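The values are calculated or read from the model by the stated rules, or taken from the named source; none is laboratory data. This structure is a prediction, so every number in the text was calculated from the model and none was measured. When the accessible area is computed, the model is the full protein with side chains, heavy atoms only, and any ligands, DNA or RNA have been set aside. Shrake-Rupley method; radii C 1.70, N 1.55, O 1.52, S 1.80 Å.
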Amino acid sequence: MAIDQEAVFAEYERARQSFHALLDNATKAGLARPTIGTRWTNEQLLWHMFFGYLVVRVLLVLVRVFARLPRSASRAFARALNAATVPFDWVNYIGPCGAVKVFGPRLTGAAFDRVIGSLHRRLAAESDAGLARGMHFPVRWDPFFQDFMTLADLYRYPTRHFDFHRRQLTLDGEIS
């Protein structure tokens, strides 16, 4: 499966620059302001946006494992995860609430850079055959999860997630 690596790298860099601009220009009051359509503050949603990239590193491993098994294995796994959507939603909500107390904007920005660099290096090392490997995903967990996703799809996922949530931020009184 061919993927335009340069386009993905450019998406990552655009998101990285946007993330830093949001952090650099945010006031303490702006970070504490509620977002549009979520129960999070801007700071919590920013952390969740970063987490979208962070979780991809784990999902890459998971896809590599399930891609070696019959497709029915990942289908059953995805069904089980879909059945656990309620506890997932709770953990997905509470995670950023606690994370911002530990990380703060400066550490989150530095971690974002490291994760983007890691994904960049991993994608650069992928073969076309590797990028074509895939597995079934729990579609109830995220609107950007498809029933079956390849590694190529997964590398594109975090920026789609980022861009969606970017529109929900209310930093400094303006809809971002």
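General remarks:
- Accessible solvent surface per residue of the chain, calculated while the other protein chains remain in place, 1.4 angstrom probe, Å²: 51
- Relative contact order of the chain, defined on C-alpha pairs under 8 angstrom at six or more residues apart (%): 39
- Acute angle (nearest 10 degrees) that the helix 5-25 long axis makes with the longest principal axis of the chain, alpha-carbon atoms: 20
- Long-range Cα-Cα pairs in segment 50-106 (distance over 12 Å), rounded percent: 75
- The angle between the Cα long axis of helix 85-102 and the longest principal axis of the Cα atoms of the chain comes to about 50 degrees, rounded to the nearest 10.
- Across the chain, counting alpha-carbon atoms alone, Rg and Dmax equal 16.6, 51 Å.
- Residue separation of L69 and E6 scaled by 0.36 nm, minus their Cα-Cα distance, works out to 19.6 nm of gained length.
- Annotation: amide H of F148 within the under-5 Å range of F137, sequence separation 5 or more or interchain, hydrogens built in the peptide plane.
- The share of C-alpha pairs in segment 35-76 whose separation exceeds 11 Å stands at 70 percent.
- Normalised convex hull volume, segment 102-176, alpha-carbon set, Å³ per residue: 122
- Sulfur and carbon atoms: percent of accessible area, segment 67-176 [1.4 Å]: 59
- Rounded to 10°, Cα long-axis angle of helix 151-166 versus longest principal axis of the chain: 20
- Extension gain, E13 back to I36 (0.36 nm per residue minus Cα-Cα distance, nm): 5.8 nm
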